[in-house]
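Heads up, the thing below is written out as structure tokens.
The values are calculated or read from the model by the stated rules, or taken from the named source; none is laboratory data. Please read these numbers as outputs of a predicted model, since none were measured by experiment. Note: ideal-geometry Cβ built from the backbone for every residue, glycine included; neighbour counts use all protein chains shown.
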Amino acid sequence: MSTSDYKAQAEHAKKKLADVSPTMCLAKWNQVSLHLPTGLTNSCYHPPLHEIDADKVKSNPAALHNTDEKLKQRKQMLKGERPDGCSYCWKLEDTGEMSDRHYRSGEPWAMQDFDKIRQDPMTTSWTPRYVEVNFNNACNFKCSYCSPQFSTTWAQETERYGEYPTTPPHNAPEHFQGRRRPIPNRDDNAYVTAFWKWWPTLYKNLKHFRMTGGEPMMDNNTYRVLQYIVDHPKDDLHLNITSNMCPPDSKLKNKYFNMLQDICMQEKVEHVMQFVSVDSWGAQAEYIRHGLDFNRMWGNVDEFLERIPHRNSVTFIITYNNLSVTGLRPLLEGILELRKKHSKDYQRVWFDVPLLRQPAWQQITMLPESYQAIHEDNIKYMQENSGEHKGLHIFKDFEIQKMQRNLAYWRENADPGTQNKRNFHAFFNEHDRRRLTRFLNTFPEMEEFWEECRNA
């Protein structure tokens, strides 16, 4: 697919959706994110998570996806209403831009069921085509914007030191009690049990299956999925796995690489996309994602691409936050170099820049306007290294468009208020104390902003 086709798909989807409703999004039907350690779900990463009924999934595993909340949101969309949880897309559309609602709905896995969804939109047994799941929160990192819900290392820190002194308190232990306290991997988890009951039905329908975490290399369910694929090849499946690519044990990496090598080289699936979470370059990336050894991660990515040269690609997931902005350029340059090295027959190295939404004090929207110029310069750099005539080793139109959409969102939602500045300083000052880091040693170019936050 050419880069212009991606936007054309979105424009086509926009027209098709409008025939039903001006607010319809196919992701509400055909996509699901399952957070099984806490029994929470959403349709994509933009809306807040909501609870899955633990009793319903015992008799009906499809209730993992077809929750009461999601059925309510579908009904709202069919009436032309805007569900509150989808505010990111509404805000972007109000600027005149197309949103993820259009781009997601325009993808083949979503659009292929458009007529079926239109005919029976309120079915309670809809089987999605795109499934994202994390089985447990086992993770060796404690990224600055993460929480005990998704990281056992974060949970350990919170148990030892308590909450961060922000307003409201960040990662307070009481926030993760009850339904929001992750079920330990060693314990029986009704949601995981329901998933595996649903899996044979789900698998037949899947076009995209994505495993996240935690850290998938540390999860036995990951290897159960991979073995199932080895035993049940599916030539139209896109297998997607998000990893920090820096596991605590080299044996885990070798086991993981070996199984993916088998799947790719024996053509068990259509394609494997290895998502790699990294938000900046070098020491700055290590600061944001505490536990990261950047050079080891980069070497593992290079090894993956070298060792498994068939039916796979890598996508760097840059959760774009206010500490990403100044260090993005060298990461873009590194991605370009990997493209030159490994993209011989097809594009094997990609990246995406989803905006961080929470916590608020780590959003790009709170940065001074001057930081937008850095973002604009990065867009110019990408444009200078674009153009289909240059072959595979360039930035794609849709990658540039995503950066432009992020800038549009930033400008329209700029937050010059003082509370986020106070929280920014309170959080990272405590971060430095607990983790033996020093913000200004790592981000000296942000000294003026740091002082502004300290004095807010």
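Apart from one condition, Thr153 fits all of (1) surrounded by 18 or more Cβ atoms within 10 Å (Cβ to Cβ); (2) touching a helix residue (DSSP H, G or I) at 6+ places or on another chain (Cβ under 9 Å); the exception is (2). Those helices (runs of 4 or more DSSP H) of the range 39-116 in which at least 3 residues are within 19 Å of the chain's Cα centre (by Cα), considering only elements entirely within it, cover 87-94, 100-106.
The C-beta contact set for the range 88-116 (first residue among the β-branched types (Val, Ile, Thr), second residue part of a helix (DSSP H, G or I), distance under 7 angstrom, 6+ apart or interchain) comprises Thr95/Ala408; Thr95/Glu412.
On the basis of being surrounded by fewer than 17 Cβ atoms within 10 Å (Cβ to Cβ) and assigned to a helix (DSSP H, G or I), does Leu17 make the cut? If you could, list the steps in order and put the result at the bottom.
Numbers: surrounded by fewer than 17 Cβ atoms within 10 Å (Cβ to Cβ): no; assigned to a helix (DSSP H, G or I): yes.
Against the criterion (surrounded by fewer than 17 Cβ atoms within 10 Å (Cβ to Cβ) and assigned to a helix (DSSP H, G or I)), Leu17 does not qualify.
The rows are residues; the columns are (1) of a type in the set (Lys, Arg); (2) surrounded by 22 or more Cβ atoms within 10 Å (Cβ to Cβ).
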site	(1), (2)
Glu215	no, yes
Gln227	no, no
Lys234	yes, no
Cys246	no, yes
Asp249	no, no
Asn254	no, no
Phe257	no, no
Asp262	no, no
Gln274	no, yes
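Taking the criterion of being of a type in the set (Gly, Ala, Ser) and touching a Leu at 6+ places or on another chain (Cβ under 8 Å), the residues of the range 75-124 that qualify are Ser99, Ser105, Ala110. Of everything in the range 426-456, what is more than 11 Å from Tyr287 (Cα to Cα), in a loop (DSSP other than H, G, I, E, B) and touching a residue at least 24 places away in the same chain (Cβ under 8 Å)? Give them in sequence order. The answer is Ala456, and nothing else. Residues in the range 33-45 that are touching a helix residue (DSSP H, G or I) at 6+ places or on another chain (Cβ under 8 Å), in contact (Cβ under 8 Å) with a residue 40 or more places away in the chain and either closer than 18 Å to Pro121 by Cβ or surrounded by fewer than 22 Cβ atoms within 10 Å (Cβ to Cβ) (or both): Leu40, Cys44. Taking each residue of the range 247-269 that is under 27 Å from Lys207 (Cβ atoms) and looking for partners that are surrounded by 19 or more Cβ atoms within 10 Å (Cβ to Cβ) and of a type in the set (Phe, Trp, Tyr) with beta-carbon atoms closer than 7 Å, six or more apart or interchain, yields Phe257/Phe304. Cβ separations smaller than 8 Å between residues 6+ apart or across chains give the following pairs from the range 329-354 residues that are among the small types (Gly, Ala, Ser) to residues that are surrounded by fewer than 19 Cβ atoms within 10 Å (Cβ to Cβ) and outside any helix (DSSP H, G or I): Ser343/Leu392; Ser343/His393. Mind checking whether some residue in the range 54-63 is outside the structural domain of Leu202 (by TED's automatic domain parsing), over 24 Å from Asn205 (Cα atoms) and surrounded by fewer than 22 Cβ atoms within 10 Å (Cβ to Cβ)? Yes, the conditions are met somewhere in the range 54-63.
So, in the range 296-336, of the ones that are part of a helix (DSSP H, G or I) and touching a Gly at 6+ places or on another chain (Cβ under 8 Å), which residue ends up surrounded by the most Cβ atoms within 10 Å (Cβ to Cβ)? Reasoning before the result, please.
Quick first cut of the range 296-336, residues part of a helix (DSSP H, G or I) only: 296-307, 328-336.
Still in the list and also touching a Gly at 6+ places or on another chain (Cβ under 8 Å): 298, 330.
On the way: Trp298: 19, Pro330: 13.
Result: Trp298.
Could you list all residues from the range 414-425 that are outside any loop (DSSP other than H, G, I, E, B) and surrounded by fewer than 17 Cβ atoms within 10 Å (Cβ to Cβ)?
Gln419
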